[in-house]
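Taken together, the values in this text are just the output of simple stated rules run on the coordinates, not laboratory data. In this text the structure is predicted, and so the values were computed from the model without any measurement. Reconstructed Cβ throughout: ideal geometry from the backbone, glycine too, with neighbour counts over all protein chains shown.
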Amino acid sequence: MPRVAANTVIRTADNSVPMQMEVKPKPDWLTKIQNGEIKKKVPNDVMKRRRNYRLSNLLKPKAPINVLTELTKQGEVTFEKPISDQLSHLVKVSALYDEKTFEGVGPTKNIAKNICSEAIVQYIAFKACEKDAAGELPKGTHGEEETPWTALASVALFKMFNDWQAQGAVLPRELMSGKGAPTAAPGATDTTGDVQMKDATNGVPKKREPKGPQVPKVLPEDAATRHPVSLLHEMCGALNYESVSEGVSPNFVFHMSVLVKDQKFTGTAKSKKEAKKNCATEVMRNIYGVNYPPVIKTEQ
C-alpha cells in the first residue's frame with residue numbers, strides 16, 4: 001500500500017465526495033528532528049552512566065534470608081528451632097523447603113540462618129536454571145527466564161561487601177543504599193550476620209548512645225517459686241553455660257558451669273537439664289539469697 005501524507009485528500013471513484021484521512025504523527029522518540037534540530041547521538045559515556053543508574057535501582061545488597069523471603073511464598077519455608085552446641089559454641093539452623101532439608105551452622109543464630117537461607121536460594125536458582133535449559137517454559141515466552149538473576153546478584157553484592165568490611169574497608173553510602181534512598185544495607189536488619197550494625201538511612205556504622213548508670217534489677221516477690229534458670233536469665237540476661245560430662249553410658253554425669261559477677265558456679269546431675277538447673281540454683285542462692293525448697297515443680 002503506498003504511503004499517504006498527512007492531510008491528503010482522497011476522492012471516491014465518481015470523484016464526487018472528498019474525504020480526509022487522518023494520519024497520526026510520529027512520536028518524538030522515533031523522529032530524528034526535534035524543535036527544528038537534528039537529534040545528536042547519545043555519547044557512550046552518557047549511555048554508560050544511564051545504564052549504571054538503572055542497575056543501581058535494580059540491584060541492592062541483601063542478606064540471603066531477605067532474598068529468600070522475596071523468592072518464596074509465606075509458609076513454603078519452615079525453619080526448625082535452632083540447636084546450640086555447648087562445646088563448640090556453634091548454632092545449627094535447619095529448614096524444610098520443597099520436601100528437602102537444608103542446614104546452616106554458624107557462631108550465632110542469625111549467621112546460621114543466613115547460611116541455611118543461602119543454601120535454599122542456591123537450590124531455587126539451580127532448579128530454575130535447569131528448567132530454562134530444558135525449555136520447559138510455556139509457549140510464547142521467548143526471551144524469558146525463571147532463573148532469579150537479580151536475587152543472586154543481591155546476595156553476591158552482600159557477600160562481597162561483607163568481605164570488604166572484614167578487610168577494614170568503609171563502604172560509601174552510595175554503594176550501601178543505591179543513591180542514598182532509605183533501604184536495607186548489609187547489617188541493617190537483625191537477620192544479617194557477620195557484619196557490624198549499619199544505619200539504614202545513611203549506610204554508616206550506627207553510633208550507640210552512651211548508657212546511663214545501670215539500675216540493678218529487683219528480685220520478684222515469688223522468686224522462690226520461679227524456675228532458677230528462667231529467673232537467672234531474667235536477672236542477668238543471656239549467660240554462657242559450659243558443659244562437661246564424665247562416665248560411661250548410661251551412667252553419665254554432667255557438670256554445668258557458668259560465670260556470674262566474676263564467680264564461677266557449677267551444678268551436677270545425670271542430665272544436662274538438671275545440671276543447668278542446679279547450677280542456676282547455686283547462683284541464685286549465693287548471689288541473690290534465694291533459697292529453694294528441695295523439690296521444685298515448675299516448668300522451664
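A few points about this structure:
- FRET efficiency, 1/(1 + (r/R0)^6) with R0 35 Å, evaluated for residue 96 and residue 242 via beta carbons: 0.65
- When the C-alpha to C-alpha distance is required to be over 19 Å, the pairs from 92/113; 81/273; 81/113; 109/264 that qualify are 109/264.
- Placing +1 on each Lys and Arg Cβ and -1 on each Asp and Glu Cβ, with no other charges, gives segment 223-287 a dipole about its Cα centre of roughly 160 debye.
- Put a dot 7 Å past the Cα of residue 69, heading toward its Cβ, do the same for residue 270, and the two dots end up 4.6 nm apart.
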